[in-house]
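Working notes, beginning with the structure itself.
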Amino acid sequence: ADDKLLSKKILKKNDIPVPGLITKIKSREDLENFDWQSLPDTFALKPNRGFGGEGILIVYGKKKNHEYVWIRADGSLVTVGDLKSHIQNILDGSFSLSNTPDIAFFEERLQLLKLFKPYSFKGIPDIRVVVFNKVPIMAMLRLPTKESGGKANLQQQAIGVGIDMASGITTTAIQGKNKFIEQIPNTRLILSGVKIPYWKDILTLAVRAQEISHLGFLGADIAIDKERGPVILELNARPGLSIQLANRAGLKERMERVAGLEIKT
């Protein structure tokens, strides 16, 4: 789970939908020889062993009449020089779990579902599902905000909304690590009562990911692409515990309820 490229490869091999890989950069030599023209107008640049959303750079389009200038969520511009120094930091291990040298990779940016447009700032929301013993026990919808720079990470001030496991309907919400909110900041949009589409498919994907990974306890981050439907973004062996606050419920009690159950189908 700590190796995003390996997770991607194994999930794909097992017919689990994942975002398309554009290219990876493993060394300074790869970086020097990289053809910047080969990049699409929109993409996500990620460290292979990053955590907590650190080191992820997302671009939303190219600046008109500028072949090598891209635009980020906050409207700031990204040049080839910016990408080069960011990739250099990734290769040096600035964002990896134990500061060990890392690999940078570009992947396709998923297309936002119309339903989520009013709720998310620039980025793609995702649904984190915690699975234990092949049972999905808790989930939350993570919404990118202006403060989080279009990323769906609670550590960076995104919004987390609890989800009722039986119905797939959102319940209570937090922003950041512990601030309870009822609406999207500066709007009247209520966060509870949103029905998550493809709910059964999302839960099935999360359980399948756990079976494939052989991790006993796992957090699967799943986004819904406009064209492809649910797609697994990444797997987490140590999913953060804020999901408990968003659901106003503890994980321990739910884990105890499913521990030792023999799940056949």
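For this structure, a couple of remarks:
- When restricted to residues that are of a type outside the set (S, T, Y) and farther than 15 Å from R109 by Cα, the range 222-246 contains 11.
- Residue check for V18: modelled with pLDDT of 95 or more and of a type in the set (A, V, I, L, M): yes
Residue-wise test of (1) more than 27 Å from L241 (Cα to Cα); (2) in contact with a His (Cβ under 9 Å, 6 or more places away or on another chain).
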site	(1), (2)
G20	yes, no
L39	yes, no
F43	yes, no
P47	no, no
L57	no, yes
N65	yes, no
N89	yes, no
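- Candidate set: the range 206-232, residues that are out of contact with any helix residue (DSSP H, G or I) (no Cβ under 9 Å at 6 or more places or on another chain) and closer than 18 Å to F116 by Cβ; chosen: the one most open to solvent (accessible area, probe 1.4 Å): E227
- Residue pairs meeting the criteria (Cβ under 7 Å; at least 6 apart or on separate chains; first open to solvent by 40 Å² or more (accessible area, probe 1.4 Å), in the range 233-257; second in a loop (DSSP other than H, G, I, E, B)): L233/P19; Q244/G250; L245/N178
- Number of residues in the range 27-52 that are at pLDDT below 90 and aromatic (F, W, Y) equals 1.
- Listed by position, the strands (runs of 3 or more DSSP E) inside the range 1-86 whose residues that are surrounded by 19 or more Cβ atoms within 10 Å (Cβ to Cβ) number at least 2 are 43-47, 57-62.
- The residues listed here are G53, G123, G75; of these, the one that is touching a helix residue (DSSP H, G or I) at 6+ places or on another chain (Cβ under 6 Å) and under 22 Å from A158 (Cα atoms) is G53.
- Of the helices (runs of 4 or more DSSP H) lying entirely inside the range 149-265, those containing at least 3 residues that are under 19 Å from the mean Cα position of the chain (by Cα) and closer than 12 Å to F132 by Cα are 199-213.
- Output for the range 39-98, where each listed residue is under 20 Å from P239 (Cβ atoms), among the acidic types (D, E) and free of Cβ contacts under 8 Å to residues at least 12 places away in the same chain: none
The values are calculated or read from the model by the stated rules, or taken from the named source; none is laboratory data. What you are looking at is a predicted structure, and each value in this text was computed from that prediction instead of being measured. Cβ: placed from backbone, ideal geometry, glycine included. Neighbour counts: every protein chain shown. Accessible surface areas use protein heavy atoms only, side chains included; no ligands, DNA or RNA. Shrake-Rupley method; radii C 1.70, N 1.55, O 1.52, S 1.80 Å.
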